[in-house]
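Before any comments, here is the structure.
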Amino acid sequence: MNCDILYLVIPCYNEQEVLPETARRLEAKLGGMIESGIVSPQSRVLFVDDGSRDATWELISRLHEKNPLFSGLKLSHNQGHQNALIAGLMQAKELCDMAVSLDADLQDDVEVIDRFVTEYYNGCDVIYGVRSSRAKDTVFKRTTAVGYYKFLKFMGVEIVENHADYRLMSRRALEALAQYDEVNLFLRGIVPLIGFKTTVVPYERNERFAGESKYPLKKMLAFAIDGITSFSVKPIRLITWIGVLIFGISGIALLWLLLLRLFGYTVAGWTTLMGSVWALGGIQLLSLGVIGEYIGKIYKETKHRPRFIVDQFLNRRE
Ligand code: UDP
Ligand code: MG
């Protein structure tokens, strides 16, 4: 019988309300899997504390003291969900055969992990958890998410629809992931680029068990823009085309104006003048903004700053 080491990687940012329950459920889940010989007793639940300001780290270290099944990785300060996740995965990569990433808030059904592991033993390297429905989301989140995935596709970003960061990756997939050293992390976009044999496991996503969402609208928007500009140069190309179009239109307009002049109708419209001033100004500012967004990305990448800094790593090997 196969018996590989599984790491569950969970980024946590101010999750003291939900952490005890999450730990309880994961302990039952992973403990059960170890007992039934599906995964090795060396398997761990790895909590990554993303610079929380509440008692999250105290809770993690207490869990670790009580039960070696729990490991903890403390980042030096808040680095954001994606960076916390990569920090955990890169740490796990050294110790595991496969790693599942999931959120701390119990939105992802932990019972699905068995199916992930089965697919792993069937030879898959990347297994995506995909939501079967968004019935439990707010109307706002649902409509924006659906629209966003459509837009991403239109922009040419290859992405698994309705997949958040709930997935299993084998060790060699993690090693491949380690080679993508970009600072502007959008894991959902990078993982499909790795290749290997992949599959999809549908599951029902729940509401947050306790605590508040750590993704306010502002962070969500930033994440959405990152997703597009980190993977696609289509927006810049679109601007070029808008430029070409407007240049063409202005040529025709010029011809028309000249004709008007020739035939003596020179009462120029104030409305058209003001209209074009505003429209062109707007388009130019928007275009500058998009180009600026890319330059900002280049600026960040060239600095090659570390994506995360580890403060402490608690891990016991029996
Ligand atoms: N998270 C993190 N760092 C951050 C923000 C969030 O590690 O700066 C973690 C958070 O603790 C949770 C996961 O990322 O485990 C997803 O966040 P959340 O559930 O709040 O997002 P939502 O599900 O509302 O999109
Ligand atoms: Mg959540």
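The values are calculated or read from the model by the stated rules, or taken from the named source; none is laboratory data. The structure displayed is predicted, hence computed values, not measured ones. Positions of Cβ are generated from backbone atoms using ideal geometry, with glycine treated the same way; all protein chains shown enter the neighbour counts. With ligands, DNA and RNA removed, areas are computed over all heavy atoms of the protein, side chains included. Shrake-Rupley method; radii C 1.70, N 1.55, O 1.52, S 1.80 Å.
Computed values, structure above
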read-out	value
Subset of region 209-222 that is of a type outside the set (S, T, Y) and within 13 Å of ligand 2 (Cβ to nearest atom) - its residue that is surrounded by the fewest Cβ atoms within 10 Å (Cβ to Cβ)	P216
Considering residues of region 123-176 that are more than 16 Å from ligand 2 (Cβ to nearest atom) and basic (K, R) only, the residue nearest to H81 (Cα to Cα)	R171
Members of region 178-203 that are within 16 Å of ligand 2 (Cβ to nearest atom) and either exposed (fewer than 13 other Cβ atoms within 10 Å of the Cβ) or of a type outside the set (D, E, K, R) (or both)	L187, Y203
Answer from D103, D109 - the residue that is within 16 Å of ligand 1 (Cβ to nearest atom), of a type outside the set (A, V, I, L, M, F, W, C), farther than 22 Å from I190 by Cβ and modelled with pLDDT under 95	D109
Helices (runs of 4 or more DSSP H) contained in region 1-115 and holding at least 1 residues in contact with a Ser or Thr (Cβ under 8 Å, 6 or more places away or on another chain) and either surrounded by fewer than 21 Cβ atoms within 10 Å (Cβ to Cβ) or among the β-branched types (V, I, T) (or both)	19-35, 56-66
Candidates V160, V130, V139 - the one that is out of contact with any Ser or Thr (no Cβ under 6 Å at 6 or more places or on another chain), of a type in the set (A, V, I, L, M) and open to solvent by 60 Å² or more (accessible area, probe 1.4 Å)	V139
Residue identified as in contact (Cβ under 8 Å) with a residue 24 or more places away in the chain, more than 16 Å from ligand 1 (Cβ to nearest atom) and either closer than 30 Å to E21 by Cα or of a type outside the set (D, E) (or both) among I298, I291, I252	I291
Residue under evaluation R307, criteria (1) open to solvent by 90 Å² or more (accessible area, probe 1.4 Å); (2) at pLDDT 80 or above; (3) not hydrophobic (A, V, I, L, M, F, W, C), criterion not met	(1)
Residue identified as touching a residue at least 60 places away in the same chain (Cβ under 8 Å), within 16 Å of ligand 1 (Cβ to nearest atom) and closer than 23 Å to P202 by Cα among L187, L152, L168, L174	L187
Verdict on I291 being surrounded by 11 or more Cβ atoms within 10 Å (Cβ to Cβ), of a type outside the set (D, E) and farther than 30 Å from K136 by Cβ	yes
Qualifying residue in region 205-227 (condition: under 20 Å from G123 (Cβ atoms), in contact with a helix residue (DSSP H, G or I) (Cβ under 9 Å, 6 or more places away or on another chain) and touching a residue at least 24 places away in the same chain (Cβ under 8 Å))	no
Residue in region 262-280 that is β-branched (V, I, T), under 35 Å from the mean Cα position of the chain (by Cα) and open to solvent by 80 Å² or more (accessible area, probe 1.4 Å) present	no
Residue match in region 225-232 (condition: in contact with a Ser or Thr (Cβ under 7 Å, 6 or more places away or on another chain), assigned to a loop (DSSP other than H, G, I, E, B) and at pLDDT below 85)	no
Within region 138-179, tally of residues that are modelled with pLDDT of 90 or more, in a helix (DSSP H, G or I) and out of contact with any strand residue (DSSP E or B) (no Cβ under 8 Å at 6 or more places or on another chain)	4
Residue that is more than 26 Å from R307 (Cβ to Cβ) and within 16 Å of ligand 2 (Cβ to nearest atom), where the choices are E65, E35, E27, E17	E17
Residue in region 205-220 that is of a type in the set (F, W, Y) and modelled with pLDDT of 80 or more present	no
Residue in region 120-142 that is farthest from the chain's Cα centre (by Cα), counting only those that are away from ligand 1 (no atom under 16 Å from the Cβ) and closer than 26 Å to R24 by Cβ	Y120
